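The values are calculated or read from the model by the stated rules, or taken from the named source; none is laboratory data. Everything quoted here is computed from the prediction, not taken from an experiment. So basically every Cβ, Gly included, is an ideal-geometry build from the backbone, and we count neighbours across all protein chains shown.
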């Protein structure tokens, strides 16, 4: 029996900050089996340690007060307290979030982000939707009541309601985020029959941003942004030429009701990359901790000698580490055929955050003519979440980075990295990550031919 899409979306309620998966079954969405709810992770029962939990502690001490003003409630004050740039604003108009009744093509949901937090805002919404990247728990979800009750504002943690959509194979099997691209009708409901796409930096340009507004220039490259379809007449193909190279959204909705009039194309591309890497970091974190916990249990049962490890434990850790390395080094990144330019000033704000080496180079420097970044190694290597990875996988990732960037690993999957790329990234990391593990600085003699394909 086919379920009408309106009824379906009204019954699949998610705290998602990003565009959610549509029409999945509960069993699929919780495919990970909730391994992270038990020891050693105990996701829902463990105390978070992230920028949001620390902000709440600061407010509770009276060292900071959020200011509530006008229609947008705590939004401006909250972003300022978290140092989230307003230039990061992106706008999504599909009804795929907790406050679906607030979202339409005329009233899109705004999303703001920094390296470690995401904030979602709906016009007239009851709450701000928040997620933070936690050093131990991966993605932790919260809401902040916008109604301005008495006393210190409370940022409330949310678990089960969010995990229905935010802990699946689409998020690497851990609490994480999903960026989706799909066709959307005038009412804001996704056209489920037309399918949907999971989006990250490997997604071809022409499949991105369905259900999102997009401002920016991108030449003749096509995308799905700014497209609203007539579901009754929609056959699966649509001419979106009018939605390309858009620098103003005033014909779509009242932009004055948002912090900026932009939904910047560069911010969208960074967001898609960042979400993938955050999910991979969490997967490496959880996977390693679960593998080591199982290994310790089996060692006790089988009375292994001290220090002996199951081969499967090593394989699990390396598998998670290899996936993280792929995302850090932009393996399979979809190429650009023409220059891409944003409209909000996000690119300049983002690049200025550094850090930079003695030659003035940064992993945050953009290319945006043939690929996203000039030096294709993710800036999230500086993040607290990456630095807090369990030592086994943290060391392994740095070892693999060393092998690839030294030229020791010449396997085809890293062929997108030229000798100049590898040398530049190595030099930047040497100067900007002084506390990298010793294995990173061990010399490796280059070899010819394929290694680990």
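Within the range 371-389, can you find the residues that are over 14 Å from residue 333 (Cβ atoms) and crowded, with 18+ Cβ neighbours inside 10 Å?
Initially, the range 371-389 is screened for residues over 14 Å from residue 333 (Cβ atoms), giving 379-389.
Within the range 371-389, 379, 380, 381, 383, 385, 386, 389 qualify.
Against the numbered list (1) farther than 30 Å from residue 40 by Cβ; (2) within 18 Å of the chain's Cα centre (by Cα), residue 114 comes up short only at (1).
Would you mind stating whether residue 123 is touching a strand residue (DSSP E or B) at 6+ places or on another chain (Cβ under 7 Å), surrounded by fewer than 23 Cβ atoms within 10 Å (Cβ to Cβ) and within 25 Å of residue 227 (Cβ to Cβ)? Give the steps one after another, and end with the answer.
Values: touching a strand residue (DSSP E or B) at 6+ places or on another chain (Cβ under 7 Å): yes; surrounded by fewer than 23 Cβ atoms within 10 Å (Cβ to Cβ): yes; within 25 Å of residue 227 (Cβ to Cβ): yes.
It is true that residue 123 is touching a strand residue (DSSP E or B) at 6+ places or on another chain (Cβ under 7 Å), surrounded by fewer than 23 Cβ atoms within 10 Å (Cβ to Cβ) and within 25 Å of residue 227 (Cβ to Cβ).
In the range 89-111, of all residues being assigned to a strand (DSSP E or B) and closer than 20 Å to residue 270 by Cα, the one that is farthest from the chain's Cα centre (by Cα) corresponds to 109.
Against the list (1) in contact with a helix residue (DSSP H, G or I) (Cβ under 9 Å, 6 or more places away or on another chain); (2) within 21 Å of residue 102 (Cβ to Cβ), the condition residue 199 fails is (2).
Evaluated against (1) over 25 Å from residue 314 (Cβ atoms); (2) at pLDDT below 95, residue 375 falls short on exactly one condition, (2).
The combined condition, being touching a helix residue (DSSP H, G or I) at 6+ places or on another chain (Cβ under 6 Å), farther than 30 Å from residue 338 by Cβ and at pLDDT 95 or above, is not fulfilled by residue 140.
Among the candidates 392, 357, 409, the residue that is in contact with a helix residue (DSSP H, G or I) (Cβ under 7 Å, 6 or more places away or on another chain) and assigned to a helix (DSSP H, G or I) is uniquely 392.
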